[in-house]
Amino acid sequence: MQEPLVPPRPRRSGARARAAETRAPRSRAPLVAEPTCSVQVIRPFARHLARLGLDCEAVLGRHGLSTAMLQERDLRVPHREAMALMREAMALSGDPAIGVRAARCDEPGDFDVVEYAAANCASVGEALKLAARFMALWHDGIVMELDVVPPLATLRVRAIGGLPHEPAGIEFLFASLLAYGSRSVGHPTRPLRVDLAHPRPDGIDDTGIYEETFREVRFGCDEHAMWINSAALDLPHRTPDRSLLQILTHHADGLLRQLSSRPHGFAERARAVISETLLAGNSSAEQVARRLAVSLRTLHRRLAEEETSHGELVDDVRRTQAMLHLSTNRFSIGEISFLLGFAHPNGFHKAFKRWTRMTPAQYREEALAPGRR
């Protein structure tokens, strides 16, 4: 499932389990959510680099990822980090057409619920409409639209808000759709033509890889678009299953709702991860960076861009949770100190007094006073 960015944690017991039940609701900043893409998109690029004999683990590590993390189906990568990784992959391989080649490294199941749902559609046209509907599960900064005006059909791809995209990413999207479509109908398929808004890549003398995949390709166009004979939309899939399609579509709708409710802004996402990991006893900057799929250096830089830091966010989460727990008699002050990760109650006492100019005991007494509850 594509639920939170944070992978599931083991079950807790004792004070930590009770604390999880009373955790304060997460705040939502009035910021536009930063676009992200699923690690499902990164996986084929990593396979291609590995087949070239390049150190895939080192490349991923420079962007806060690892080959093991690429198997975490819920994990999403910030857009700018994904684009930086694609740029590095192209530079290391020396291949401007790496997006098309990476699509040839797709494996069945790579694109999870959307792939399975599309395979159970009755026809190519139905599958393309479904892919457009759930495009955000792959990348929530891209919109895909299918327009049909017989005898032609056009699949258009555009970035939301003019978001910059690497050419490799757009080419990978079109090539992957064709690869999965071919698998579903049982034979190779090619469109009439693919238009790409980016210019012809430097160093491309032979466009054979593009023509083999897209039949015809044009660079420097007004839009990213794949042109199809509209009659091809009626090509039947080999093994459609309407009942299974309904189940998978319902599941994908749930994933879209979860995606739309994620925290806004990088700092808010980091705060949410800290809130989750604090009770598990590991809210270090390294752990937060890993959960956000960025490098430690990127974590510090991105937080600084939003005029905060990892330490400030930890402090803020601790303060919020301390005030929440002190507003009830559920935990002793010593237990709260432990839950918030303080090595000694004296440290918690000093921190709380700095936050509120009151001791924890004074705050609890006032919060529980008659008429205040």
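The values are calculated or read from the model by the stated rules, or taken from the named source; none is laboratory data. No experiment lies behind these values; they were computed from the predicted model shown. Heads up, the Cβs are rebuilt from the backbone with ideal geometry, glycines too, and the neighbour counts pull from every protein chain shown. Remember, those area values only see protein heavy atoms, side chains included, never the ligands or the DNA or RNA. Shrake-Rupley method; radii C 1.70, N 1.55, O 1.52, S 1.80 Å.
If you take the residues of the range 241-253 that are part of a helix (DSSP H, G or I) and in contact (Cβ under 8 Å) with a residue 12 or more places away in the chain, which of them is surrounded by the most Cβ atoms within 10 Å (Cβ to Cβ)? Result: L248. Among the residues of the range 255-267, those identified as more than 14 Å from M135 (Cα to Cα) and either in contact (Cβ under 8 Å) with a residue 12 or more places away in the chain or surrounded by 15 or more Cβ atoms within 10 Å (Cβ to Cβ) (or both) are Q258, R262, P263, H264, G265, F266, A267.
Within the set S284, S275, S295, the sole residue that is polar (S, T, N, Q) and open to solvent by 30 Å² or more (accessible area, probe 1.4 Å) turns out to be S284.
Each residue in the range 317-373 was checked for being surrounded by 13 or more Cβ atoms within 10 Å (Cβ to Cβ), among the basic types (K, R) and more than 39 Å from the chain's Cα centre (by Cα), and 1 pass. Of the residues screened, I228 is one that is buried (at least 17 other Cβ atoms within 10 Å of the Cβ) and among the aliphatic types (A, V, I, L, M). Within the range 63-89, restricting attention to residues that are over 18 Å from H139 (Cβ atoms) and touching an Asp or Glu at 6+ places or on another chain (Cβ under 9 Å), which residue is surrounded by the fewest Cβ atoms within 10 Å (Cβ to Cβ)? Applying the filter and picking the extreme gives T67. Taking the condition without any contact (Cβ under 8 Å) to a residue 12 or more places away in the chain, surrounded by fewer than 15 Cβ atoms within 10 Å (Cβ to Cβ) and not β-branched (V, I, T), does G311 pass? Judged against the criteria, G311 is a match. Summed over the range 192-221, the residues that are closer than 29 Å to H237 by Cα and in contact with a Lys or Arg (Cβ under 6 Å, 6 or more places away or on another chain) give a count of 3. Taking the criterion of being under 31 Å from the mean Cα position of the chain (by Cα), free of Cβ contacts under 8 Å to residues at least 24 places away in the same chain and either within 26 Å of P164 (Cα to Cα) or open to solvent by less than 20 Å² (accessible area, probe 1.4 Å) (or both), the residues of the range 179-210 that qualify are P199, R200. Would you please name the residue that is farthest from the chain's Cα centre (by Cα), looking only at residues in the range 146-159 that are open to solvent by less than 70 Å² (accessible area, probe 1.4 Å) and among the charged types (D, E, K, R)? Result: D147.
Counting only residues that are in contact with a helix residue (DSSP H, G or I) (Cβ under 6 Å, 6 or more places away or on another chain) and either in a helix (DSSP H, G or I) or not β-branched (V, I, T) (or both), the range 304-315 holds 5 of them. Taking (1) more than 18 Å from the chain's Cα centre (by Cα); (2) under 30 Å from G265 (Cβ atoms); (3) in contact (Cβ under 8 Å) with a residue 24 or more places away in the chain; (4) open to solvent by 20 Å² or more (accessible area, probe 1.4 Å) in turn, G162 satisfies each apart from (3). Among residues of the range 321-335 that are among the aliphatic types (A, V, I, L, M), those with a beta-carbon under 8 Å from a residue that is at pLDDT 85 or above and not in a helix (DSSP H, G or I) at least six positions away or on a different chain give the pairs A322/L340.
Taken as a whole, the range 75-86 holds at least one residue that is in contact with a Ser or Thr (Cβ under 9 Å, 6 or more places away or on another chain) and under 21 Å from D253 (Cβ atoms). For the range 220-240, which residues satisfy the criterion of being assigned to a loop (DSSP other than H, G, I, E, B) and either within 23 Å of M135 (Cβ to Cβ) or charged (D, E, K, R) (or both)? Answer for the range 220-240, where residues must be assigned to a loop (DSSP other than H, G, I, E, B) and either within 23 Å of M135 (Cβ to Cβ) or charged (D, E, K, R) (or both): C221, D222, E223, L235, H237, R238, P240.
Against the test of being in a loop (DSSP other than H, G, I, E, B) and among the aliphatic types (A, V, I, L, M), the options L70, L65 yield a single qualifying residue, L65.
The single condition among (1) closer than 20 Å to R269 by Cα; (2) touching a strand residue (DSSP E or B) at 6+ places or on another chain (Cβ under 8 Å) that E81 does not meet is (2).
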